[in-house]
Amino acid sequence: FQFVESGGGLVQPGGSLRLSCTASGFRSDWYAVGWFRQAPGKEREGVSCISSRGGVLEYAESVKGRFTVSKDSANNTVNLQMSSLKLDDTGIYYCKTVARCGMRWTEMVDPGPWGQGTQVTVSS
């Protein structure tokens, strides 16, 4: 199973971006999907999680109220709408299937390679 991430770019603080994660070879609504990011020099961290049917949503404290995760079944994508972006949101964003959302979801990443990610740079 593989995702292709897209939508990243350079944006000023306070700006918005919409990331997309397109599933290849499977239906994105079959699985819970997590968005992760890795900032330069830091470990990868979980940002948001959406359950298979979209009924359970999780957000890291640092992005609550600013990011919204959703699924688009018609296009087989998982989207991450990011607003009020901050310098600390800079990083490479990835999506990956996870066993489930909920407590400790970031520790339940399914095995297999990560995609190439999409770069988000927040800078003035």
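The values are calculated or read from the model by the stated rules, or taken from the named source; none is laboratory data. Please read all numbers here as calculations on a predicted model, not as lab measurements. Neighbour counts run over all protein chains shown; Cβ positions are idealised from the backbone, glycine included. Just the protein is used for accessible areas: all its heavy atoms, side chains included, with ligands, DNA and RNA removed. Shrake-Rupley method; radii C 1.70, N 1.55, O 1.52, S 1.80 Å.
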- If Cys101 satisfies every condition in (1) within 18 Å of Val122 (Cα to Cα); (2) touching a strand residue (DSSP E or B) at 6+ places or on another chain (Cβ under 7 Å); (3) not aliphatic (A, V, I, L, M) but one, which is the exception? (1)
- Task: Within the range 80-100, track down each residue that is surrounded by fewer than 21 Cβ atoms within 10 Å (Cβ to Cβ) and out of contact with any Lys or Arg (no Cβ under 6 Å at 6 or more places or on another chain).
- Result: Lys86, Leu87, Asp88, Thr90, Ile92, Ala99, Arg100
- Item | Whichever residue in the range 1-11 is closer than 18 Å to Thr77 by Cβ and outside any loop (DSSP other than H, G, I, E, B) and, among such residues, is modelled with the lowest pLDDT | Gln2
- Query: What number of residues in the range 49-79 are closer than 19 Å to Gly9 by Cβ and open to solvent by less than 60 Å² (accessible area, probe 1.4 Å)?
  - Reply: 7
- If we keep just the residues of the range 12-39 that are in a strand (DSSP E or B) and within 18 Å of Ser62 (Cα to Cα), which is most open to solvent (accessible area, probe 1.4 Å)? Arg18
- Task: Determine whether the range 21-29 contains at least one residue that is closer than 22 Å to Thr121 by Cα and in contact with a Leu (Cβ under 8 Å, 6 or more places away or on another chain).
- Result: yes
